[in-house]
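Note sheet for the following structure.
Read-outs: derived from the displayed coordinates by stated rules, not from any lab. Just so it is clear, the model here is predicted, and its values are computed rather than measured. In this analysis, Cβ positions are derived from the backbone assuming ideal geometry, glycine residues included, and neighbour counts consider all displayed protein chains.
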Ligand code: NAD
Ligand code: GLY
């Protein structure tokens, strides 16, 4: 088993990575837990609900399953309220614990419910998508979407443990694997040039779910994320680099309507756009932009954006948590393996949008 420790002011906890962790979830439930709320969705419940429930029921513990509708389009107040309805109806108290069994949507909503129910209860992340295993389950960002902006309402709330069962990725659709790999290569781009090169060499093995390659990629991604959030839990500075590709990507997600493109797909395309912008304003060599484009393509993510119109894209980008005083800030790459956060002149952003949208692809 690989264990990565996260140490933040908001909590210290292990990320345990190994095949079969699903059957050992009881190890992460604090001994004084009065009840466990297993938050999941019908897709994941059909595959893993019974196994998780059986594992949690060890020592006669009361487990209540709370199923939410599946999909990014349901990451909202109405769905969040269903968790509170169930917790109150089942008389969950302050010593109860929530378990998020699912992808990033379930993890973010369950975490936000845990952050706010009775002003905060404990929760465990059991991420079942690659994206959630390498990113969203680690670091304590929780929340929901608003029609005017993604993840705009939320809280920092660290889990007490993250349980990563690498076997569950076998049932994940190929498109979701590609979306998760976008977040994996992000860590190489912002923090670790050698890891980026390793991803280039292992892209095919990762897409084929080679167990060794996957385990290394998940472990290294978690190490890099743990390193960042342990230094900057609340995104006062360094943590913002984890948003490489997200400013462009969030505009695509919100512009198309949540759920049309997967979050990781939008981030993949957004990283190509951020690399293009980096070449124009931060000195990233053109040859490196082509490496980014080639790897995003190799993992199966789109490299050109749908044409939302530059004005609309810019308006959507302004609704970004990195924006300061209405000025859009981007994560830029002076080189592969090093990231900075900075504003960029609007004409430069427009130029990137013009050459990275669908019409540009049609003529390429
Ligand atoms: P998701 O949660 O929608 O899951 C994708 C799909 O896969 C869903 O239909 C789900 O039911 C299904 N699924 C989950 N596990 C499965 C399995 N093992 N086998 C088969 N199907 C399975 O999407 P996601 O990509 O996991 O997460 C995206 C969300 O994560 C976004 O809302 C994004 O904003 C959020 N996010 C949060 C953070 C953070 O730091 N909190 C970081 C990155 C992304
Ligand atoms: N996914 C960005 C972060 O956790 O900060």
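Considering only alpha-carbon pairs that sit under 8 angstrom and 6 or more positions apart, the relative contact order computed for the stretch 116-212 is 28 percent.
Cα convex hull, the stretch 290-364: 116 Å³ per residue, rounded to a whole number.
Shown for 77, 261, 198: other C-beta atoms within 10 Å of each C-beta, ranked fewest to most, produce the order 77, 198, 261. A straight chain from residue 212 to residue 88 at 0.36 nm per residue would run longer than the Cα-Cα distance by 40.3 nm.
Measuring from centroid to centroid over Cα atoms, what is the spacing of the stretch 201-225 and the stretch 97-169 in Å? Answer, in whole Å: 22. Each of 186, 322, 141 was scored by other Cβ atoms within 10 Å of its Cβ. Listed from fewest to most, they are 322, 141, 186.
Which whole-number percent is the relative contact order of the chain (Cα, under 8 Å, 6+ apart)? So the answer I get is 16 percent.
Using the Stokes-Einstein relation with a Kirkwood hydrodynamic radius computed over Cα pairs, the translational diffusion coefficient of the stretch 1-113 at 25 °C and a viscosity of 0.890 mPa s comes to 166 µm²/s.
Largest first and in whole Å, the equivalent-ellipsoid semi-axes of the stretch 215-364 read 23, 18, 16, each the square root of five times a Cα gyration tensor eigenvalue. If you run the Gaussian network model on the chain, springs between alpha carbon atoms under 10 Å, then out of 297, 16, 170 the most flexible one is 170. Spin-label model, residue 170/residue 342: points 7 Å from Cα along the beta carbon direction are separated by 4.8 nm.
In the elastic network of the chain, a GNM with C-alpha springs shorter than 10 Å, the most mobile of 348, 89, 114 is 89.
Kindly provide log₁₀ I(q)/I(0) values, in the same order as q = 0.14, 0.21 Å⁻¹, from the Debye equation applied to equal alpha-carbon scatterers of the stretch 303-343. Debye curve over Cα of the stretch 303-343, log10 I(q)/I(0) at q = 0.14, 0.21 Å⁻¹: -0.41, -0.80. Secondary structure note: in the chain, about 45% of the DSSP beta bridges are antiparallel. The relative contact order of the stretch 230-304, computed from alpha carbon pairs under 8 Å that lie at least 6 residues apart in sequence, is 26 percent.
FRET efficiency for the residue 297 to residue 194 pair, using the beta carbon distance and R₀ = 25 Å, is estimated at 0.75. With one equal scatterer per alpha carbon and no solvent term, the Debye-computed log10 I(q)/I(0) for the chain at 0.06 1/Å reads -0.21. Length gained on full extension, residue 205 to residue 351: 49.0 nm, using 0.36 nm per residue less the C-alpha separation.
In this rough spin-label picture, where each label sits 7 Å from Cα along the Cβ direction, the residue 31-residue 260 distance is 5.4 nm. Shown here are the Rg and Dmax of the Cα trace of the stretch 142-211, at 15.4, 40 Å. Summarising the label geometry, the points placed 7 Å from Cα in the beta-carbon direction at residue 54 and residue 1 lie 1.9 nm from one another. Each part reduced to its alpha carbon centroid, the stretch 36-73 and the stretch 171-189 end up 24 Å apart. Largest GNM mean-square fluctuation across 171, 129, 142, computed for the chain with C-alpha springs under 10 Å, falls on 171. Counted over all Cα-Cα pairs of the stretch 185-239, pairs farther apart than 15 Å make up 50 percent. For the chain, the longest principal axis of the Cα atoms and the long axis of helix 104-116 meet at an angle of about 60 degrees.
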